[in-house]
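Asker: Let me begin by handing over the structure; questions about it come next.
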Amino acid sequence: MDLFPWQEFVSLLCQVLLLDSTCGAKQWPLPFLKEKKIAADVLLMTDLDYNSWIDQIDPGWTGAIPATLIYNKDTRLFLEQELTRDELFNHVTQIQN
């Protein structure tokens, strides 16, 4: 079962931020994106100075991953936990409505 329902969100404006603190940052994203068929805009964050930007994502974020930020112009939801496909879909649907 694919936990990431990317294809179901094609009609939404979506960006994916990938975090990588390893030296292989330039090698792994493309195969991963192709395998998951991610068509959204993708940003790859390789800045290891986490303290300089982590509060800009969410002030309560401890830095643990996985983490998900879902937002629109009116609502912002930050989740510092692993999500199942259904949980992700439900959160996105709630924010969308």
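Asker: Looking only at segment 46-65, which residues are closer than 23 Å to Pro29 by Cβ and part of a loop (DSSP other than H, G, I, E, B)?
Answerer: Result: Thr46, Asp47, Leu48, Asp49, Trp53, Asp58, Trp61, Gly63, Ala64, Ile65.
Asker: Same structure again: Would a scan of segment 28-41 turn up a residue that is modelled with pLDDT under 70, within 15 Å of the chain's Cα centre (by Cα) and not aliphatic (A, V, I, L, M)?
Answerer: Residues of segment 28-41 modelled with pLDDT under 70: 28.
This time we only want the ones that are within 15 Å of the chain's Cα centre (by Cα), so: none.
Checked segment 28-41: no residue is modelled with pLDDT under 70, within 15 Å of the chain's Cα centre (by Cα) and not aliphatic (A, V, I, L, M).
Asker: Oh, and also: For residues that are part of a loop (DSSP other than H, G, I, E, B) and within 14 Å of the chain's Cα centre (by Cα), tally how many sit in segment 73-97.
Answerer: Of the residues in that region, 5 qualify.
Asker: Would you check which residues across segment 57-80 are modelled with pLDDT under 90 and loosely packed, with under 14 Cβ neighbours inside 10 Å and list them?
Answerer: Gly63, Ala64, Ile65, Pro66, Tyr71, Asn72, Lys73, Asp74, Thr75, Arg76, listed by residue number.
The values are calculated or read from the model by the stated rules, or taken from the named source; none is laboratory data. None of these values were measured; they are calculated from a predicted model. Reconstructed Cβ throughout: ideal geometry from the backbone, glycine too, with neighbour counts over all protein chains shown.
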